[in-house]
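Here the structure comes first, spelled out in structure tokens, and everything after it is commentary.
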Amino acid sequence: MKASPFLVKTVLMCALSGAALASWAQTSMTSVTSMMDLKQVYQAALEQDANIRASRAAADSGRERVPQARAGLLPQVSASAGRNNNDLNTTAPNILGTPVTTNDKYFSDNRTVQLRQPLMNMQRWLQFQQAKSIVEEAEANLDRDLQNLVVRVAGAYFETLMSDEQLELVQAQIKTYTALVDAAQKGLAAGSGTRTDVDDAKARLDMARAQELEARQNQDLTRRQLQMLVNQPVDQIAKLNVSALQLNPPEPANLDEWTRKAEEASPEIKAMQARLDAARREVSKAQAGHLPTLDAVAQWSNSGSENITRVNSRYENKTIGLQLNIPLYSGGYVNSTIRQAVAEQTRAEETLEALRRDLGVRVHKEYRGVTEGILRVRALEQAARSAEQMMKSTQMSLKAGSRTQLDVLNAQQQYTLALRDLAQARMVFLLSKVRLASLVGDDALTSVEQVNASLTTN
């Protein structure tokens with residue numbers, strides 16, 4: 001069967017459109033102008049992200065617990081002074097037995113300086129040790145939030161990149177379907193085509209235009225999410241450089257090693273361990289409520305008054321000694337605080353165990369995400385090459401008269417889906433690498449730089 005001139009023209013248009021898609025697959029990820037890459041976005045987020053600023057403030061607040069608790073172990077010096085205007089009314093019988101009231105006005109004053117040094121106070125000592133654990137938890141929480149920031153930035157970055165590429169892909173489809181609609185209409189007008197060819201091409205074109213609207217909305221949303229992290233406009237971002245993408249498996253290639261590393265170095269685990277340590281010291285501190293306290297006390301006081309019996313009298317007193325306080329009964333308060341502290345310790349222990357189990361599951365998930373991601377990317381690369389070859393073969397078959405325009409449309413769509421899935425798989429692979437590094441507490445900037453090497457800004 002000999003193909004009509006219009007069908008030949010259709011083939012040529014499809015070939016050109018297919019070439020456009022192939023060019024998108026090869027070059028859209030490399031040819032960009034000046035823009036922000038992942039490292040630049042991450043560095044901006046370090047300074048601008050509100051959650052990180054709040055976490056830093058929380059860490060600064062936690063660090064003040066140590067000097068506050070230490071102050072309870074150091075000497076306490078206090079001074080007081082006062083001056084009083086006294087008005088004394090005295091009623092007494094005179095020699096005749098008649099009550100007589102006299103009024104005396106005089107001034108009195110006092111000055112006191114006291115030094116108190118705790119010698120034995122187990123509660124205050126344990127509070128000081130507990131403060132150190134609280135600081136460790138605050139700093140570990142900051143590390144955890146910084147690690148989470150890497151994941152948040154990478155997730156927002158790749159979602160934005162994927163939305164950009166999805167829009168470009170849909171726009172390439174629109175060009176293809178527009179050419180096919182034009183060719184089908186001309187073929188119908190010349191009598192060599194059918195109405196079905198026109199309707200099929202228009203239906204694909206209308207669907208692609210609807211997908212373009214959705215892709216633009218998604219692009220706007222993802223870009224706004226990225227801009228929120230850096231608190232500034234992000235016009236363009238570096239795209240994936242396929243030639244620079246290294247599909248390397250995790251090192252070491254052992255899941256148990258990654259799990260062990262996570263349990264030892266994960267900021268989440270460190271924060272929870274510090275919280276558990278603080279809870280244990282809280283139990284000991286509550287139990288110390290039954291123990292006596294001993295203070296060394298030194299005091300100097302000076303007072304004076306002016307009255308009718310002693311005019312301009314002054315008194316000076318100096319004391320030094322020990323003060324022992326022995327708790328005898330507190331109405332059950334101490335025992336209640338002990339029970340409460342024990343319950344909080346149990347909760348911290350169980351929370352830590354649950355976190356270890358959950359961390360193991362997440363490490364397993366991201367480890368498999370990297371290892372299986374490599375296989376998926378390679379499989380989809382082959383699928384994309386096969387789909388491209390199928391598209392070209394279908395176009396040639398149409399020219400020879402053995403395939404229909406519908407077959408070309410289906411082959412074109414199959415190739416488009418293969419390109420989309422391949423782009424998504426590459427991004428998921430890179431994001432899994434970032435998440436795995438974050439779970440085991442690897443240096444955040446190093447993790448970002450490794451992924452950033454797969455991007456291009458040229």
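Coordinate-derived values only; no laboratory data. Since the model is a prediction, treat every value here as computed from it, not as a measurement. Here the Cβ is made from the backbone with ideal geometry for all residues, glycine too, and neighbour counts use every protein chain on show.
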Original post:
Nearest 20 debye, what's the magnitude of the dipole of the stretch 285-354 about its Cα centre given +1 on Lys and Arg Cβ and -1 on Asp and Glu Cβ?
Top reply: 420 debye
Original post:
Just how large is the dipole of the stretch 248-320 about the Cα centre, in debye to the nearest 20, putting +1 at every Lys and Arg Cβ and -1 at every Asp and Glu Cβ?
Top reply: 580 debye
Original post:
If you add up the charges near T404, with Lys and Arg at +1 and Asp and Glu at -1, over every other residue whose beta carbon is less than 10 angstrom from its beta carbon, what do you get?
Top reply: -2
Subject >> Dipole of the chain, positive end: most advanced residue of A44, A298, L142 [Cβ charges, Cα centre] >> reply: A44
**OP:** Pairs to check: K175/K433; K39/K433; K175/K392; K239/K261; K270/K365; K239/K399. Give those whose C-alpha atoms are more than 27 Å from each other in this structure.
**Re:** K175/K433; K239/K261; K239/K399
Subject >> Leading residue at positive end of dipole, the stretch 362-420 (Cβ point charges), from M396, Y367, A383 >> reply: Y367
Subject >> For the stretch 252-324, convex hull volume per residue from C-alpha positions, Å³ >> reply: 196 Å³
Original post:
Label points 7 Å out from Cα along the Cβ direction at S393 and H364: separation in nm?
Top reply: 4.1 nm
Original post:
If you take the beta carbon distance between D235 and Q43 as r and set R0 to 25 Å, what does 1/(1 + (r/R0)^6) give as a FRET efficiency, to the nearest 0.05?
Top reply: 0.90
**OP:** For the stretch 166-213, divide the Cα radius of gyration by the Kirkwood radius and give the resulting Rg/Rh value with two decimals.
**Re:** 1.06
Original post:
Around R63, with a cut-off of 15 angstrom between Cβ atoms, what is the net charge of the other residues, counting Lys and Arg +1 and Asp and Glu -1?
Top reply: -2
Original post:
What FRET efficiency comes out for the pair A453/Q340, r = Cβ-Cβ distance, R0 = 45 Å, nearest 0.05?
Top reply: 0.30
**OP:** Provide, in order from the shortest bin, the percent of all Cα-Cα pairs of the stretch 377-458 in each 5 Å bin, continuing until the bin that contains the maximum pair distance.
**Re:** 3, 14, 16, 13, 13, 11, 9, 7, 6, 4, 3, 1, 0
Original post:
If you compute semi-axes √(5λ) of the Cα gyration tensor in Å for the structure shown, which of (1) 83, 27, 18; (2) 56, 25, 20; (3) 38, 27, 19 do you land on?
Top reply: (1)
Original post:
What value, in deg cm²/dmol to 500, does the helix sum -39500 (n - 2.57) over DSSP H runs of n ≥ 4 give at 222 nm once divided by the residues of the chain?
Top reply: -24000 deg cm²/dmol
Original post:
Which whole-number value in Å³ per residue fits the convex hull of the alpha carbons of the stretch 299-458?
Top reply: 391 Å³
**OP:** Can you tell me the relative contact order of the chain? Whole percent, Cα pairs under 8 Å, sequence separation 6 or more.
**Re:** 28 percent
Original post:
Straight-line reach from K285: which aspartates and glutamates have a Cα under 14 Å away, not including same-chain ones fewer than 8 places off?
Top reply: D277, E344
Original post:
Which three lengths, in whole Å and largest first, does the stretch 149-291 cover when its Cα atoms are put on their principal axes?
Top reply: 104, 35, 28
Original post:
If the chain between R111 and Q76 were fully stretched, how many nm would it gain, using 0.36 nm times the residue separation less the Cα-Cα distance?
Top reply: 10.9 nm
Original post:
How big is the charge dipole of the chain about its Cα centre, in debye rounded to the nearest 20, if each Lys and Arg gets +1 on its Cβ and each Asp and Glu gets -1 on its Cβ?
Top reply: 180 debye
Original post:
Beyond 27 Å, what percent of the Cα pairs of the stretch 223-375 remain?
Top reply: 66 percent
Subject >> Two-site label geometry, T91 and I326: point separation in nm, points 7 Å out along Cα→Cβ >> reply: 4.8 nm
**OP:** Report ³J(HN,Hα) in whole Hz for each residue of the stretch 446-456, in order, from the Karplus equation J = 6.51 cos²θ - 1.76 cosθ + 1.60 where θ = phi - 60°; Gly and Pro get x.
**Re:** 4, 4, 5, 5, 5, 6, 5, 5, 8, 10, 9
**OP:** State the Cα centre-to-centre distance between the stretch 235-281 and the stretch 153-173 in whole Å.
**Re:** 26 Å
Original post:
Scattering from the C-alpha atoms of the stretch 53-144 alone, worked out with Debye: what is log10 I(q)/I(0) at q = 0.15 1/Å?
Top reply: -0.77
